[in-house]
Amino acid sequence: VSRLRSPENLTLSHRLVLGGDLLGTGLFAFEGAGLAAGSGLDLFGIAVIAVVTALGGGMVRDVLIGAVPAMALCDLRYGGVALLGAAAALAWHAGLGTLPDALLLAPDAIGLGVFAMTGTEKALAYNIRPTAAPILGTLTAVGGGVLRDILLNTVPSVLRVDIYATAALAGSILLVLLRRAGVPNTVAALLGGAACVALRVLSAHEGWHLPEAP
Amino acid sequence: VSRLRSPENLTLSHRLVLGGDLLGTGLFAFEGAGLAAGSGLDLFGIAVIAVVTALGGGMVRDVLIGAVPAMALCDLRYGGVALLGAAAALAWHAGLGTLPDALLLAPDAIGLGVFAMTGTEKALAYNIRPTAAPILGTLTAVGGGVLRDILLNTVPSVLRVDIYATAALAGSILLVLLRRAGVPNTVAALLGGAACVALRVLSAHEGWHLPEAP
Amino acid sequence: VSRLRSPENLTLSHRLVLGGDLLGTGLFAFEGAGLAAGSGLDLFGIAVIAVVTALGGGMVRDVLIGAVPAMALCDLRYGGVALLGAAAALAWHAGLGTLPDALLLAPDAIGLGVFAMTGTEKALAYNIRPTAAPILGTLTAVGGGVLRDILLNTVPSVLRVDIYATAALAGSILLVLLRRAGVPNTVAALLGGAACVALRVLSAHEGWHLPEAP
């Protein structure tokens, strides 16, 4: 992790986290607003659900590692991108009707992979141990969805969907292992994120299951 | 925001936040206990719901902006005022029966306005940008009610009631705009809070709605 | 509280908190996994419920008092012990069937007492006032169960079970009073924890109730 502390790497790491966070924010807001639009909430309620889905995971991460004020409060682009993502979903909904499941699955899987990477990266940059950082990556990736489901008063889908948090965890662990093996940060993040997305999409497509309690 | 950093203004701002927080705490605790008293919880459960309603929003605000230990843990008056508010509601309930809706609406609206102002003020005092501070004002105002509703296992009323968080957000934005225009802090907070309360009461009375998703 | 600041006491206090936290973590994870195993979740979901039950209370405590990064993220033993506790519950479940209620009540009561003590101790060590520290002890003790129940979409049992948080609060207050009276930390923690466990087990056995709202 010592490489992280040199300024040029911190800058690269920060830029990766920011870019990834903004991409994931837009995708999750699009997905959250798409889900909420079909549930009879008014425009404000839809915006809240979209923003919570998009920014909730990163806020929980920031609070737990002590990176406060939480990033999404310091950088206007987070909120702006979340509202843009929500507006895009509402425009689609108004023009073309209910979003097809496939169109919700894809941004969700990519958002999952991106947030898993940025969460793990940021945890490492805040000197969280490499063994604990993947937990924070997973929390960043699934936290927004958990908060959204709690607000909508349902059991969080992450506890019901079979390979979801598991995919985020696997990608995060891969990122840490690749960095330890000397792979450059950007390449490691791309490979870890791709592994997460592939695992998530494949498992949804093939109906893979984790074993139940014996 | 630079005016905030001079000691005399910080002191004034701190005093405003403290006084407003205590007023809002008592009002929200009164309302929370009034709601809980009708729901079959024992005295401890009622006290928990009252305290969560009263102090939850401020705690979430403090954790997100890094003002820890959270204010309510450092100043005994917060907990004391919350318990007094709850006791007043229980005394009313015991002597005069179920609290009429109007008597729950008024303290709720005033608590909403007061917390929106103190939340925005405190965020500015912790160098949160003026564009993000109203979000924290809104979160302070509605956070306790959201946590209460999550504990009671219902969809948070803030997502169902039409002009509620919107009123807090409008008042908070007005506060920031007035301060930017050079209006003294106290006057700006009074005007912003009054706008929030008026908007909330009027909309409840007139049955105003936000538009639904197209 | 000034005694806490001398290095030898801090060390003792830290060791007490760590040992107690690990014991409570294992017990709560065992209980959480035992509950979850009967509810049709897959292995990952059971692990999440066990970890949240075991570590959630301490994380909320750490975030509120500003002890971040949260302890459970810095010390691998927390996560390891939680997974061991969950594995033990699953092994029992696989070999001997549903865990008897008595076997869930006992670790739960002991975990409650231990976490109430470590939460109060750690709050004092972070200079939270002796009057507020028992609240943090109670939150540490019941927080994990509250988060678990929120995830499982039920009203938290702490609001329904009669003497539960009350027992944690009573034990935490006793700890503070004994320390103020000059009783050594270890003895005070043992007595406070024993009082909490005894009160919890007795009340469950005798069916004691708190009064309802008048």
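The values are calculated or read from the model by the stated rules, or taken from the named source; none is laboratory data. Bear in mind the structure is a predicted one, so any value in this text is a computation, not a measurement. With ideal geometry, Cβ positions are generated from the backbone for all residues, glycine too; neighbour counts draw on all protein chains shown. Calculation scope for accessible area: heavy atoms of the full protein, side chains included, ligands and nucleic acids excluded. Shrake-Rupley method; radii C 1.70, N 1.55, O 1.52, S 1.80 Å.
How many residues does region C:101-113 contain that are over 27 Å from residue A:211 (Cβ atoms) and open to solvent by less than 30 Å² (accessible area, probe 1.4 Å)?
Residues flagged as over 27 Å from residue A:211 (Cβ atoms) and open to solvent by less than 30 Å² (accessible area, probe 1.4 Å) within region C:101-113 amount to 4.
Between A:155, A:114, which is assigned to a loop (DSSP other than H, G, I, E, B), β-branched (Val, Ile, Thr) and on the phi < 0 side of the Ramachandran plot?
Working: A:114 fails: assigned to a loop (DSSP other than H, G, I, E, B).
Only one candidate passes the filter, namely A:155.
State which residue is farthest from the other protein chains (Cβ to nearest Cβ) when the search covers only region A:146-155 and only residues that are touching a residue at least 60 places away in the same chain (Cβ under 8 Å) and either acidic (Asp, Glu) or buried (at least 21 other Cβ atoms within 10 Å of the Cβ) (or both).
Here the answer is A:148.
Give just the number: which of (1) away from every other protein chain (no Cβ under 14 Å); (2) surrounded by fewer than 22 Cβ atoms within 10 Å (Cβ to Cβ) does residue B:27 not satisfy?
Single failed check for residue B:27: (2).
When the residues of region C:156-200 are filtered to those that are of a type in the set (Val, Ile, Thr), touching a residue at least 40 places away in the same chain (Cβ under 8 Å) and more than 16 Å from residue C:142 (Cβ to Cβ), which remaining residue is surrounded by the most Cβ atoms within 10 Å (Cβ to Cβ)?
C:176
Against the condition in a helix (DSSP H, G or I), within 14 Å of another protein chain (Cβ to nearest Cβ), closer than 28 Å to residue A:102 by Cα and open to solvent by less than 20 Å² (accessible area, probe 1.4 Å), how does residue A:142 come out, does it pass?
yes
As an exercise: evaluate residue B:98 against (1) open to solvent by 20 Å² or more (accessible area, probe 1.4 Å); (2) β-branched (Val, Ile, Thr); (3) in contact with a Gly (Cβ under 8 Å, 6 or more places away or on another chain); (4) under 25 Å from residue A:60 (Cβ atoms) and give the number of the one condition it does not meet.
(4)
I'd like the full set of residues that are more than 14 Å from chain A (Cβ to nearest Cβ), part of a loop (DSSP other than H, G, I, E, B) and free of Cβ contacts under 8 Å to residues at least 40 places away in the same chain, limited to region B:32-78.
B:40, B:41
Looking only at region B:85-111, count every residue that is in a helix (DSSP H, G or I) and either more than 17 Å from the chain's Cα centre (by Cα) or within 14 Å of chain A (Cβ to nearest Cβ) (or both) and tell me the total.
12
Here is a yes/no grid of residues against (1) closer than 27 Å to residue C:153 by Cα; (2) in contact with an Asp or Glu (Cβ under 8 Å, 6 or more places away or on another chain):
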residue	(1), (2)
A:100	no, no
A:115	yes, yes
A:128	no, no
A:157	yes, yes
A:161	yes, no
A:168	yes, no
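For residues that are within 11 Å of chain B (Cβ to nearest Cβ) and of a type in the set (A, V, I, L, M), scanning just region C:201-214, find the one that is most open to solvent (accessible area, probe 1.4 Å).
Of everything passing the filter in region C:201-214, C:210 is most open to solvent (accessible area, probe 1.4 Å).
Does any residue of region C:112-119 turn out to be within 14 Å of chain A (Cβ to nearest Cβ) and either within 21 Å of residue C:146 (Cα to Cα) or among the β-branched types (Val, Ile, Thr) (or both)? Walk me through it before giving the result.
Taking region C:112-119 and keeping what is within 14 Å of chain A (Cβ to nearest Cβ), we get none.
Scanning region C:112-119 turns up no residue that is within 14 Å of chain A (Cβ to nearest Cβ) and either within 21 Å of residue C:146 (Cα to Cα) or among the β-branched types (Val, Ile, Thr) (or both).
I'd like the full set of residues that are open to solvent by 10 Å² or more (accessible area, probe 1.4 Å) and either out of contact with any helix residue (DSSP H, G or I) (no Cβ under 9 Å at 6 or more places or on another chain) or part of a helix (DSSP H, G or I) (or both), limited to region A:125-138.
A:125, A:135, A:138, listed by residue number.
Testing residue A:161 on (1) more than 9 Å from chain C (Cβ to nearest Cβ); (2) over 24 Å from residue A:50 (Cα atoms), one condition comes back false. Which one is that?
The failed condition is (2).
How many residues does region C:67-95 contain that are of a type in the set (Gly, Ala, Ser) and surrounded by fewer than 19 Cβ atoms within 10 Å (Cβ to Cβ)? Write out each step before concluding.
Step one: of region C:67-95, the residues of a type in the set (Gly, Ala, Ser) are C:67, C:70, C:72, C:79-80, C:82, C:85-89, C:91, C:94-95.
Narrowing further to those that are surrounded by fewer than 19 Cβ atoms within 10 Å (Cβ to Cβ): C:80, C:87-88, C:91, C:94-95.
Residues meeting the conditions: 6.
Name every residue in region A:159-182 that is part of a helix (DSSP H, G or I), closer than 20 Å to residue A:108 by Cβ and touching a Leu at 6+ places or on another chain (Cβ under 9 Å), in order of residue number.
A:159, A:160, A:165, A:166, A:167, A:168, A:170, A:171, A:172, A:174, A:175
Does residue A:124 satisfy the condition of being touching a Pro at 6+ places or on another chain (Cβ under 8 Å), modelled with pLDDT under 95 and within 23 Å of residue A:14 (Cβ to Cβ)?
Yes: the conditions hold for residue A:124.
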